[in-house]
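Read the structure below first, then the notes.
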Amino acid sequence: MSYIYFLQAGNGPIKIGMASNLDRRICGLQTASHHHLKLIHSEEHNKALARKKEKYYHTIFDHYRVRGEWFYPEGIIAYLEGESFWKKMIVWEPELKVIYEEAKQAGARESWYKDYKARFKYFVGFLRKLPPRELQTCEAYEIAYRKINEAFVSHI
């Protein structure tokens, strides 16, 4: 197994990297840094998927890049907070997780893509009378849309 990690130097830049031994990697980076490095996010994947995810993160955060694998924190922190909110959303509305899992399996079937948009709009509060209060925001809609769309396009 391999890990994708997000390490922040104090309140400054964030390093997005990959390691097979996360503890050893953090210790090695900490030895070379005068800033306290804090692990703000990690994901465990098989090696091939970890490589893809690291490349994906480097690509989507490219406009925040300081140099190499170091990025300004603003957009990354917001993204990670969205990931955390997503975990709460699927507890409040379990059908969102069903849609997400279907998106991962769908591949590039355009008919499913058109159908899921209407389904998740309903579950994040649009098109129904009393959704959970936490889902009655544009932020919730954007997080759900991004997360489900990521699952769908990862197979295209």
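For region 2-71, build the charge dipole from Cβ charges (+1 Lys, Arg; -1 Asp, Glu) around the Cα centre, then report which of Ser42, Val66, Gln8 sits farthest towards its positive end.
Result: Val66.
Per 0.36 nm of contour for each residue apart, how much would the distance between Asn149 and Asp62 grow if the chain were fully extended, relative to their Cα-Cα spacing?
Additional length available on full extension: 29.4 nm.
Grab the beta carbon distance between Lys55 and Asp23, set R0 = 35 Å, and tell me the FRET efficiency rounded to 0.05.
Approximately 0.90, to the nearest 0.05.
Do the alpha carbons of any pairs in Lys15/Lys104; Lys88/Lys147; Lys38/Lys147 sit beyond 22 Å of each other, and which pairs?
With Cα atoms farther than 22 Å apart: Lys15/Lys104; Lys38/Lys147.
Quickly work out the His35-to-Glu74 label distance, labels modelled 7 Å from Cα along the C-beta direction, and quote it in nm with one decimal.
Label at Glu74, label at His35, 1.6 nm between them.
None of the figures in this text is laboratory data; all of them are computed from the coordinates on show. These numbers come from a predicted model, not from an experiment. Neighbour counts run over all protein chains shown; Cβ positions are idealised from the backbone, glycine included.
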